[in-house]
Amino acid sequence: MRVLMLGGTTEASALARALVGDVRFDVTVSLAGRTRAPVLPVLPSRIGGFGGIAGLVDYLRRERIEAVLDATHPFAAQMTRHAVVAAEITGIPLLRVDRPAWVVGPGDHWIEVGDMPAAARALGDVPRRVLLTIGQTELAPFCLASWHRYVIRSVDAPQPELVPAQAEVLTARGPFDVAFETALLLGYSIEMLVTKNSGGSATVAKLTAARALGLPVVMIRRPPSQKIAAVRDVAAALEWLAHQAALMPRGV
Ligand code: NAP
């Protein structure tokens, strides 16, 4: 069965590892190409956009794809939307792998906001030392809130013109543990943290560290989910794939 997996997450990498050598599936993993040195999956891969919905539909037909797994990042809403429409047009089964969002707990001090400008506003008028773990492309609202001092942690360094005036850039790729995150927050005297609600375990340690230190966290809510079949973890996605393979007509 020919499968397209839209990847770029730890779940997609885990799925790829689980599917290596499984003769039922011929899987291609697609990456957006957002990072300069991506961790390439252990399965055949392609990198870069398809060219919108029309390009994705062409790709699915040309490559005779029979099932699509959307294991993209929870904030990659456009890719998911395109996959939904392309699946409707082609009739190809689609499953979303959607890791659970983080949930506020006892001892947390979260300020939940809907987007990046609101996150910058939530930092307030008093100058603070702020850790930004939001990637490298959505820094513009923080350039406008230039009275804060920022530490920006991202996989790749942002373009210099996107970096706020008072900022230090740290490049690092998770996973991170609590001791590491605590040392980072203390070492830079961080007073507030800004993050997307990505969910998952690879980058959750910063929230544990912030809770223990009593630091407020500006948490950017996820974009609304699409109304499509979805599972929460790799095991359920593998079950779905096995079910799709079982439904395929057998050759004679
Ligand atoms: P997006 O806004 O949903 O996608 C924008 C375009 O990028 C898509 O329309 C598509 O281009 C292309 N694209 C995205 N994922 C793709 C994939 N797996 N394979 C091929 N093309 C893909 O997503 P984004 O721009 O990548 O990121 C949006 C948000 O998600 C940001 O907040 C970012 O920090 C976060 N995020 C994304 C990733 C990732 O791997 N994509 C990882 C971590 C965080 P075409 O229309 O040309 O097909």
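The values are calculated or read from the model by the stated rules, or taken from the named source; none is laboratory data. Not measured: the values here are computed from a predicted model. Note that each Cβ is placed from the backbone with ideal geometry, even for glycine, and that neighbours are counted across all protein chains shown.
Within segment 143-189, the residues that satisfy the criterion of being of a type in the set (Gly, Ala, Ser) and free of Cβ contacts under 8 Å to residues at least 60 places away in the same chain are Ala145, Ser146, Ser154, Ala157, Ala165, Ala167, Ala172, Gly174, Ala179, Ala183, Gly187. Considering Glu138, Glu112, the condition of being acidic (Asp, Glu) and within 16 Å of the ligand (Cβ to nearest atom) is satisfied by Glu138 alone. For segment 203-248, taking the residues that are assigned to a loop (DSSP other than H, G, I, E, B) and among the aliphatic types (A, V, I, L, M), the one that is farthest from Arg129 (Cα to Cα) is identified as Met248.
Among the residues of segment 235-251, some residue qualifies, meaning at least one is buried (at least 19 other Cβ atoms within 10 Å of the Cβ), among the hydrophobic types (A, V, I, L, M, F, W, C) and within 16 Å of the ligand (Cβ to nearest atom). Tally the residues that are more than 30 Å from Met219 (Cα to Cα) and either in contact (Cβ under 8 Å) with a residue 24 or more places away in the chain or of a type in the set (Lys, Arg) (or both), restricting the search to segment 30-70. Adding up the residues that qualify gives 18. The set of residues from segment 1-53 being surrounded by 14 or more Cβ atoms within 10 Å (Cβ to Cβ), small (Gly, Ala, Ser) and within 13 Å of the ligand (Cβ to nearest atom) comprises Gly7, Gly8, Ala12, Ser13, Ala16, Ser30, Ala32, Ser45. Taking the numbered list (1) aliphatic (A, V, I, L, M); (2) surrounded by fewer than 13 Cβ atoms within 10 Å (Cβ to Cβ); (3) under 30 Å from Ile92 (Cα atoms) in turn, Ala165 passes all entries but (3). Restricting attention to segment 115-140, the residues that are assigned to a loop (DSSP other than H, G, I, E, B), surrounded by 17 or more Cβ atoms within 10 Å (Cβ to Cβ) and touching a Leu at 6+ places or on another chain (Cβ under 8 Å) total 2. If you check Leu56 against the conditions, is it of a type in the set (A, V, I, L, M, F, W, C) and either under 24 Å from Ala202 (Cα atoms) or more than 8 Å from the ligand (Cβ to nearest atom) (or both)? Judged against the criteria, Leu56 is not a match.
If the condition is being crowded, with 19+ Cβ neighbours inside 10 Å, more than 14 Å from the ligand (Cβ to nearest atom) and either more than 22 Å from the chain's Cα centre (by Cα) or hydroxyl-bearing (Ser, Thr, Tyr) (or both), then segment 141-158 contributes Ala145, His148, Tyr150. Among the residues of segment 161-201, which ones are hydroxyl-bearing (Ser, Thr, Tyr) and either within 16 Å of the ligand (Cβ to nearest atom) or not in a helix (DSSP H, G or I) (or both)? Thr171, Tyr188, Ser189, Thr195, Ser198, Ser201, listed by residue number. Is segment 71-78 home to any residue that is in contact (Cβ under 8 Å) with a residue 24 or more places away in the chain, in a helix (DSSP H, G or I) and within 19 Å of Gln166 (Cβ to Cβ)? Within segment 71-78, none of the residues are in contact (Cβ under 8 Å) with a residue 24 or more places away in the chain, in a helix (DSSP H, G or I) and within 19 Å of Gln166 (Cβ to Cβ). In segment 193-252, of all residues being of a type in the set (S, T, N, Q) and closer than 17 Å to Asp177 by Cβ, the one that is nearest to the chain's Cα centre (by Cα) corresponds to Ser198. When Pro117, Pro164 are screened for being in contact with a strand residue (DSSP E or B) (Cβ under 9 Å, 6 or more places away or on another chain), at pLDDT 95 or above and not aromatic (Phe, Trp, Tyr), only Pro164 passes.
Among residues of segment 75-99 being surrounded by 20 or more Cβ atoms within 10 Å (Cβ to Cβ) and within 11 Å of the ligand (Cβ to nearest atom), the one that is nearest to Thr28 (Cα to Cα) is Ala83.
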